[in-house]
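Taking it in order: structure first as structure tokens, then the write-up.
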Amino acid sequence: MKTYAAFGLLLLAGACATDNIKPMIVPAAIETPGMGANGDAADDPAVWTHPTDASRSLILGTNKDAGVYVYGIDGSEKQKLLVGLANNVDLRGNLAVASNDGVNALSWFRIDPSNSVVSHVGDTKLERIEPYGVCIGKVSGALVTAVTFKDGSIDLWKVNDTGAGLVALEALRTLKLGSQLEGCVFDDAANRLFVGEENVGLWVIDLNTDTPTQIDKVDSGTGLVADVEGVSLYLGQGGAGYLVVSAQSKDRYIVYDRKPPHGLVGVIGVGASVDGKIDAVTHTDGLDVSSAPLPGFPAGVLVVQDDGNPVSEVDQNFKIVDWREIEKALAGGKAE
């Protein structure tokens, strides 16, 4: 195990402790059905892009009390996979994984492109209890999953996948930050792992050396506040793109440059749809971003969990945002 104290903080120019940030408000475009429950149910989404027909793409979303739900890009509900207490979900290709703290395991799923059906293929038990966040990616060409925990641990596992059935896991190493972690995302091309430390800030770990660097801290003046929750990447060409992070308590999303030193690009919030039929988003937990062209969304999407639909912790769901609206906001649209 490698343990780290705080490394050099890359404070952004002009950052201060006063939080008077006014996010750029972008409209929700589509929403999924509510989960039909009171309490904190919905948590984290992951976007799967069909390899040949984007209209058959899917969104996988966790219900922390039940399992993984599956939606079309139009928001319609397709499946409920009742695997238990699934918290976070991520995917690479046609393989998806969810952290399942009900059975202290990772739950694995395969997506069949011939019919866009998701199947649960089994669980792999973990040595450490209460897996919290999970993400999957490639490190030096090998498929790897990272599991984050409330004690600040990050377990890295090599995923041995034959393309059918349950995967096999091979323990690689454990990294350690100071306190509770959840959201994470791999930048495959750069051998980096971005991780949110909920009450502290945002980190990037160079997986060539396992060296963590703090990108931002809560209450630094950039707009990042606790809890630091969902973390995802919008992938551009040649290493360009954006890192999008949920700052839960202020109903906002902080957008950073994908490239080092990951400077602040802007702060957005998700408001009601243009026609007012979809409510504004509050208190987001998990999120996912896709830069893949999708029906109605040629520049991709941002998908976010909504705590209140419209009342807090009632009938939670996921909202879909057209990335073109975010591009406009980041280019200097008027703040709300």
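As a calculated quantity, the FRET efficiency between N20 and D161 at R0 = 51 Å, using C-beta atoms, amounts to about 0.60.
The calculated FRET efficiency for E127 paired with A190, based on their beta-carbon distance and R0 = 41 Å, is about 0.90. The calculated Kirkwood hydrodynamic radius for segment 17-330 is 19.0 Å, given to one decimal from all distinct C-alpha pairs. Return the subset of K78/K277; K125/K259; K217/K277; K78/K138 for which the Cα-Cα distance in this structure is over 31 Å, preserving the input order. Violating the 31 Å Cα-Cα cut-off are K125/K259; K217/K277.
Note on the chain: antiparallel DSSP beta bridges, both residues inside, total approximately 95 percent of the bridges counted. Protection proxy ranking, highest mean first, for peptides 189-198, 77-86: 189-198, 77-86, where packing is the per-residue count of other beta-carbon atoms within 10 Å, averaged.
Ignoring lysines fewer than eight residues from K328 along the same chain, the ones with Cα atoms less than 18 angstrom from its Cα are K22.
Neighbours of D279, meaning other residues whose beta-carbon lies under 13 angstrom from its beta-carbon, give a summed charge of -4 when Lys and Arg score +1 and Asp and Glu score -1.
Computed over the chain with a Gaussian network model linking Cα atoms closer than 10 Å, the most mobile of G122, G75, G276 is G276.
Every read-out reported here was derived from the displayed coordinates using simple, explicitly stated rules and does not represent laboratory data. None of the values given here were measured: they were computed from a predicted structure. Every residue, glycine among them, receives a Cβ derived from its backbone with ideal geometry; neighbour counts consider all protein chains shown.
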